[in-house]
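All remarks here apply to the structure that follows.
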Amino acid sequence: MKFGGTSVEDAKAIDRTAAIVRGRRERGLEAVVVVSAMAKVTDQLLAAAAAAGRDDRAGALAISARLRHRHIDTTADLLDGERFVQLQETINHEFDALDDLLRGIAAVGELTARTNDLVVSFGERLSSRMVAAAFEQRGLQGAHVDARTCIVTDAHYGKAVPQENAIEAKLTELVLPLIEAGQTPVMGGFIGATKEGITTTLGRGGSDYTAALVGGGMHAGAIEIWTDVNGIMTTDPRICPDALRVKTISFEEAAELAYFGAKVLHPATILPAVQKSIPVWVLNSRNAENEGTKITALAPKCASPFKSIAAKKRLTIIDVVASRMLMSHGYLKAVFDVFDKYKCAIDMVSTSEVSISLTVDSNERLPEICEELGKIADVKYEGRKALVCLVGEDIRGHNGIAGQVFSAVSHVNVRMISQGASEINMSFMIDEEDVEEAVRSLHKRFFVNPDETIFDVAARAPIAVKA
Ligand code: ADP
Ligand code: ASP
Ligand code: MG
């Protein structure tokens, strides 16, 4: 069971989380609980690290002081007596260490990816201790596990790659005995460590990934992702408040959605679950009675072509025009090798006789990439683009779908179009400022008359939306 930032954002939320876990235990189920940092804490830790890195020592320490208060205040609301005193001491120790670290970064005047991971790891280290103690006080036998002892990764700081065999061995050694003793292990998501013990992180939104790794490694019967919406919706409810819950979706569809920007799941979450055929549920911790979304290997047939619409912003389009290497073999390889060299992932590609257009979402290394591409072609790039992606396994059976999609967004300037090889997604690039409008038009066009067996049409009611 994974609880996201909003599900542990304050004492009330942690109380709800405890009640949900109690419900599972009362049904005779055993749970491992994975928690995110309290809502917004990761962003604030990143801001503190960045401030220290540019020698703003006071700014960094001020952020840390605010975080210290928030964690201690929440602990005071959650725990009584000796339990509170003990945890307060632990939290103070952790924040003293964080402050030392921030001073160190400011003194050196340099923030490395490795140190950044160490700073940001405090969020999940603290929240997991608080939730474990809260469970203990509420008779749930919470047992804190430092995720860094189990989630073994490589040393790719900021986006470390988990080592699944080593993780499974550690979970068997350290977590299984707790379950067998009737306890509820609680660990932070998102964080891990190399086999030498250096702290790493799995990338933003990575707690979902931790949940899937733990579920996979422990051969769980189900993986539950508890968040602040009723499940996977037909689009981001922050863009369309009338988005509907999707009752069932396939692994493949969910993976495409996550990859193309639906923040509700981390893109890598599905993988360990697929490998072991473990069903994944997305559920609402503010509305635990709701059925949520079930993600399974096979999706039932759906009368609508699409299940959901995702959008991903902050992309850049790169146009590579091959006047000099026109028609020479090895050209595509030469272009992709440059992206490979800088470990830059490409989202979408379209080609013509002389040009290739590519989109990327990380542009830190863009100047270097373009300079190198410039040796073999003419290169132009344009930022502030967005990708809109419609996903559904039933696209296959519908003729004339592209026509319907593009007539719904005929007022928007569309730059690149692609229908994925998997035939379950259709995507196109537009300017960032057109995203909301395009998604709303598409949602209106494709979800006016939704298939009641797949979408929760009965609940066209208010949806929990983040404040
Ligand atoms: P958590 O902190 O629980 O991991 P996130 O903020 O990472 O939560 O993800 C949940 C949010 O994802 C929702 O509040 C919603 O705004 C957003 N979201 C984007 N696309 C979708 C979608 N298709 N279905 C549901 N939620 C979505
Ligand atoms: N706390 C981390 C983040 O905000 C991981 C997560 O919440 O999934 O990215
Ligand atoms: Mg998330």
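The values are calculated or read from the model by the stated rules, or taken from the named source; none is laboratory data. Source: prediction; values computed, not measured. Every residue, glycine as well, gets a Cβ built from its backbone with ideal geometry; the counts of neighbours run over all protein chains shown. SASA here: full protein model, heavy atoms, side chains in, ligands and nucleic acids out. Shrake-Rupley method; radii C 1.70, N 1.55, O 1.52, S 1.80 Å.
Give, as ranges by residue number, the residues of the stretch 434-462 whose backbone N falls under 13 Å from the point 7 Å along Cα→Cβ of residue 404. Within reach of a label on residue 404, which here means backbone N under 13 Å from a point 7 Å along Cα→Cβ, the stretch 434-462 contributes 442-451.
Extending 7 Å from the Cα toward the beta-carbon at both residue 297 and residue 363 defines two label points whose distance is 4.3 nm.
Against the main long axis of the alpha-carbon atoms of the chain, helix 11-26 sits at an angle near 90°.
Label-to-label distance, residue 457 versus residue 77, with points set 7 angstrom from Cα along the beta-carbon direction: 4.1 nm.
Helix 435-446 and the longest principal axis of the Cα set of the chain meet at an angle near 80°. Extending 7 Å from Cα along the Cβ direction at residue 25 and again at residue 437 yields two label points whose distance is 5.3 nm. What a 1.4 Å probe finds exposed on the stretch 281-417 is 51% carbon and sulfur by accessible area, rounded to a whole percent.
Rolling a 1.4 Å probe over the heavy atoms of the protein chains gives the stretch 1-142 an accessible area of 43 Å² per residue. Taking each DSSP H run with n ≥ 4 as -39500 (n - 2.57) and averaging over every residue of the chain yields -12500 deg cm²/dmol at 222 nm. The angle between the Cα long axis of helix 113-137 and the main principal axis of the chain comes to about 50°, on a 0 to 90 degree scale. With N denoting the number of residues in the stretch 132-233, provide Rg(C-alpha) divided by 2.2 N^0.38 Å, to two decimal places. It is 1.09. Protein-only accessible surface at a 1.4 angstrom probe places the residues 286, 125 in the order 286, 125, largest first.
The alpha carbons of the chain give a radius of gyration and a Dmax of 23.3, 76 Å, in that order.
Across 259, 342, 157, the residue with the most accessible area heads the list, and the full order at a 1.4 Å probe is 259, 157, 342.
The alpha-carbon atoms of the stretch 226-277, seen along their principal axes, cover 34, 20, 18 angstrom, with the largest extent given first. Taking the inverse of the mean reciprocal distance over all distinct Cα pairs, the Kirkwood hydrodynamic radius of the stretch 1-112 comes to 15.6 Å. For the stretch 83-146, carbon and sulfur atoms together expose 45% of the accessible surface, with a 1.4 angstrom probe and every protein chain in place. Computed from the C-beta positions of residue 40 and residue 149 and an R0 of 25 Å, the FRET efficiency is 0.40 to the nearest 0.05. Taking 0.36 nm per residue of separation and subtracting the Cα-Cα distance, full extension of the segment from residue 137 to residue 346 would add 70.4 nm.
Using the Cα gyration tensor of the stretch 108-177, with a ≥ b ≥ c the square roots of its eigenvalues, what is the shape: rounded (a/c below 1.5), prolate (a/b larger than b/c) or oblate (neither)? Verdict is oblate for the stretch 108-177.
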